[in-house]
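The values are calculated or read from the model by the stated rules, or taken from the named source; none is laboratory data. Predicted model, so just to flag it, every value in this text is computed and none were measured. Neighbour counts run over all protein chains shown; Cβ positions are idealised from the backbone, glycine included.
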Amino acid sequence: MSAHLAQPGVLGQIHGYGRSLNFRLAPGADAKHGLGRFADGFDLGWGAVGLGEPLVRGVGGEIPGLRTFPAFSGPGAVVPSTQQSIWVFLRAPDRTALFDRSEAVKQLLGEAFPLNDAIDTFTYGEGRDLTGFIDGTESPVGDHGVAVALIPSGEGRVGSSFVAVQRWVHDLKHFNGHSQAEKDAMLGRRQDTNEEIEDAPISAHVKRATQEDYEPAAFMVRRSMPWSNGVEQGLEFIAYGASLDAFERVLRRMAGLDDGTVDALFRFSRPISGSYFWCPPAKGNRLDLSALNL
Ligand code: HEM
């Protein structure tokens, strides 16, 4: 079992507050030196870290299975790619700790890695999306979660993981203009009981995304969190996997690329970002970057 080698932020449950930060690699910067400095100082108790393809190439490394997030379109559904170099997903019990950890991370990443964007996330109710629907019910847990999320073999890669991060913006005014039955039909579950609706339309989100309906099954460990900046709001979608394929196959079906049916989510929400990262394994409370010869 490789769970003890995983970053604690990968499989850990989500509580309280989060902040999702994306960093670029500055042109001409010494990526190896900058990443080594960050890895020496970053405490994995603060949250999870992912490295994108531009950075892995920047340090002359290669992680099999890591690629850049693909941009594509389905009928009326636009999926953008905004691939970045480093993703840091901080967690904290309160805003004070979150602020302090963000400042520490920015300082550690220094001029080599300018901050591209950041969004504050939070737990809504008892783990609901801002639409009011419980999110994460069918996300694999226990040994199944470990098998789905963590890479089982490879020098310096055991216990590491891939992650897909995609920011969705919800039009809640539009969504809340629907009747309860229409909302339930868009998601494919009943909001009040969380019960799955067997005869939901094929466009219902859970009909598009049923993991066992894929060949092979498309399981992923979801750790999404709602976000709101007071003006806009949505879901910071976060899914871990031993490969990026499950996520990508589900997203393509959601966008209508399998059968022309677009997921009903696109009627009230749209993705505005998309990045893939490799989350290195942990060595104690530090990142193990031996797969990159660091
Ligand atoms: C606006 C963005 C999204 C919202 C609000 C959302 C919400 C939900 C909700 C409420 C459920 C049902 C409960 C559960 O099992 O968690 C669900 C299930 C699921 N979602 Fe999403 N989701 C979003 C985007 C995505 C994306 C981008 C993917 C992957 C490409 C995805 C994959 C899944 C999967 C695999 C399930 C479980 C399906 C099953 O096996 O029953 N979701 N989502």
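Within 12 Å of the ligand (Cβ to nearest atom), free of Cβ contacts under 8 Å to residues at least 40 places away in the same chain and crowded, with 19+ Cβ neighbours inside 10 Å: is that true of ASP184 in this structure? So ASP184 passes the test.
Looking for whichever is among the aliphatic types (A, V, I, L, M) and at pLDDT 95 or above here; the options are ALA39, ALA92. Which one fits? Talk me through it step by step, then tell me what you get.
Working: ALA92 fails: at pLDDT 95 or above.
Of ALA39, ALA92, the one residue that is among the aliphatic types (A, V, I, L, M) and at pLDDT 95 or above is ALA39.
Restricted to region 250-294, and to residues that are aliphatic (A, V, I, L, M) and more than 16 Å from the ligand (Cβ to nearest atom), which residue is modelled with the lowest pLDDT? This residue is LEU294. When region 159-199 is examined, which residues are found to be of a type in the set (Gly, Ala, Ser) and over 19 Å from MET225 (Cβ atoms)? GLY159, SER160, GLY177, SER179, ALA181, ALA185, GLY188, listed by residue number. Within region 117-135, being within 12 Å of the ligand (Cβ to nearest atom) and of a type in the set (D, E, K, R) holds for ARG128, ASP129, ASP135.
Can you go through PHE219, PHE247 and tell me which one is within 9 Å of the ligand (Cβ to nearest atom) and part of a loop (DSSP other than H, G, I, E, B)? Give the derivation first.
Working: PHE247 fails: part of a loop (DSSP other than H, G, I, E, B).
Criteria check complete, one pass: PHE219.
Whether a residue is in a loop (DSSP other than H, G, I, E, B) and acidic (Asp, Glu) was assessed, and GLU126 passes this test.
Out of all the residues in region 147-163, is one or more closer than 27 Å to ARG19 by Cβ, near the ligand (Cβ under 9 Å from one of its atoms) and either touching a residue at least 24 places away in the same chain (Cβ under 8 Å) or in contact with a strand residue (DSSP E or B) (Cβ under 8 Å, 6 or more places away or on another chain) (or both)? No, the conditions are met nowhere in region 147-163.
Please verify whether region 224-241 includes one or more residues that are aliphatic (A, V, I, L, M), more than 24 Å from ASN116 (Cα to Cα) and more than 11 Å from the ligand (Cβ to nearest atom).
Here is the first cut: in region 224-241, the ones aliphatic (A, V, I, L, M) are 225, 231, 235, 238-239.
Add one more test, that the residue is more than 24 Å from ASN116 (Cα to Cα), and what stays is none.
No, there is no match, as no residue in region 224-241 is aliphatic (A, V, I, L, M), more than 24 Å from ASN116 (Cα to Cα) and more than 11 Å from the ligand (Cβ to nearest atom).
Here region 222-243 is the region considered, the condition is being outside any loop (DSSP other than H, G, I, E, B) and hydroxyl-bearing (Ser, Thr, Tyr), and the residue that is nearest to GLY16 (Cα to Cα) is SER228.
Given the options THR121, THR82, THR68, name the one that is in contact with a Lys or Arg (Cβ under 8 Å, 6 or more places away or on another chain) and either surrounded by 20 or more Cβ atoms within 10 Å (Cβ to Cβ) or among the β-branched types (Val, Ile, Thr) (or both). Step through it out loud before you land on a result.
Details: THR82 fails: in contact with a Lys or Arg (Cβ under 8 Å, 6 or more places away or on another chain); THR68 fails: in contact with a Lys or Arg (Cβ under 8 Å, 6 or more places away or on another chain).
So the residue among THR121, THR82, THR68 that is in contact with a Lys or Arg (Cβ under 8 Å, 6 or more places away or on another chain) and either surrounded by 20 or more Cβ atoms within 10 Å (Cβ to Cβ) or among the β-branched types (Val, Ile, Thr) (or both) is THR121.
Count of region 33-62 residues, restricted to those that are within 30 Å of ASN229 (Cα to Cα) and either free of Cβ contacts under 8 Å to residues at least 40 places away in the same chain or of a type outside the set (A, V, I, L, M, F, W, C) (or both), is 9. When the residues of region 189-207 are filtered to those that are buried (at least 19 other Cβ atoms within 10 Å of the Cβ) and of a type in the set (D, E, K, R), the one that is farthest from the ligand (Cβ to nearest atom) is LYS207.
Listed conditions (1) buried (at least 16 other Cβ atoms within 10 Å of the Cβ); (2) out of contact with any Asp or Glu (no Cβ under 6 Å at 6 or more places or on another chain); (3) assigned to a strand (DSSP E or B) are all met by LYS106, apart from (3). Residue pairs whose Cβ atoms lie under 9 Å apart, separated by 6 or more positions or on different chains, with the first residue in region 19-32 and surrounded by fewer than 21 Cβ atoms within 10 Å (Cβ to Cβ) and the second part of a loop (DSSP other than H, G, I, E, B) and aromatic (Phe, Trp, Tyr), are ARG24/PHE113; ALA26/PHE113; ALA29/PHE113.
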